[in-house]
1. Can you give the extra length, in nm with one decimal, that the chain gains between residue 298 and residue 233 once fully stretched, where that is 0.36 nm per residue apart less the Cα-Cα distance?
2. Among 115, 90, 159, 233, rank each residue by its count of other Cβ atoms within 10 Å, from fewest to most, as a rough exposure measure.
3. Relative to the first principal axis of the alpha-carbon coordinates of the chain, what is the inclination of helix 111-125, with its axis defined by its Cα atoms, in degrees from 0 to 90 and to the nearest 10?
4. If I take every Cα pair under 8 Å that is 6 or more residues apart in the chain, average their sequence separation and divide by the length, what percent do I get for the relative contact order?
5. From the list (i) -0.46, -0.66, -1.12; (ii) -0.35, -0.54, -1.22; (iii) -0.38, -0.60, -1.27, can you say which value of log10 I(q)/I(0) by the Debye sum over Cα atoms at q = 0.08, 0.10, 0.15 Å⁻¹ was derived from the structure given?
6. Pick from 112, 291, 55: which residue has the top mean-square fluctuation in a GNM of the chain where Cα pairs under 10 Å get a spring?
7. If R₀ is 30 angstrom, what is the calculated FRET efficiency for the pair residue 208 and residue 264, using the beta carbon separation as r and rounding to 0.05?
8. Ranked by Cβ crowding within 10 angstrom, fewest neighbours first, how are 103, 277, 268 ordered?
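Please treat every number below as a calculation from the coordinates, not as lab data. Just so you know, these numbers come straight off a predicted model, no measurement behind them. As a convention, Cβ positions derive from the backbone with ideal geometry for all residues, glycine included, and neighbour counts pool all protein chains shown.
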């Protein structure tokens, strides 16, 4: 009897492991393209990578280029595009190792390398001058690019941007916890749902379609490993010497219930930058552009109208 019970338990464990492996299997790029490419998408080759780029709005309108955060994709800024592409050419793209963009063959995932890669892409897709924005990691890339290319960035919009030290990360990277690495490599839907809900002030606002999309794109073959490699070299040195160089008018937006990057960093950005202003949202978390698209987009429109008047 005992052997039969043990045998049954072993079969259950094996079956559970098999189900877990099946659920965490990589998804082929072609399958994901069939599901997530739209008529507004195209591929652009730059820095040795094939980038997925999405554009909407009048072709001759002022350009607003937006960069998503870590482990997400260009769809994070679709809510803003829906609000703003009546007056702006809204351009967004997947970062390397995210969404449907390629991965650098040399494994170059440092912040400095990413800024260089994005710079090469913008040389291909952006007009001579444009407004640049980003959220979280995308915000960090945006302000670092703006510091090095003041002649191109006419306005800067940052949503809970990375910059100041968090989670022990400084000028030196920290080891990636095994649980985090496992999560990124396997992207279990329940884990993705919990992690994404934590970005919201009100998790009830989270759309299950977004959970499915984020899960699918994290499972894209190679993306999980790329994200782990990015974290392995991720650094946050003192940003203030670079921020002080940015004379471009900047709008900084922050959800007051941001649990990822402390809202207290917002005033520090404003103090460090020569021409920056801060707006906070009491009922938003880390992704205010998704959680409060109408309010945040309205503030962005007013800011850009003022800068470009």
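1. So the extension gain works out to 19.8 nm.
2. 233, 115, 90, 159
3. In the chain, helix 111-125 runs at an angle near 60 degrees to the longest axis.
4. Value for the chain: 19 percent.
5. Recomputing log10 I(q)/I(0) by the Debye sum over Cα atoms at q = 0.08, 0.10, 0.15 Å⁻¹ here gives the entry labelled (ii).
6. Maximum fluctuation in the GNM of the chain, among the listed residues, is at 112.
7. For R0 = 30 Å, the calculated efficiency reads 0.40.
8. Going from sparsest to densest Cβ surroundings: 277, 268, 103.
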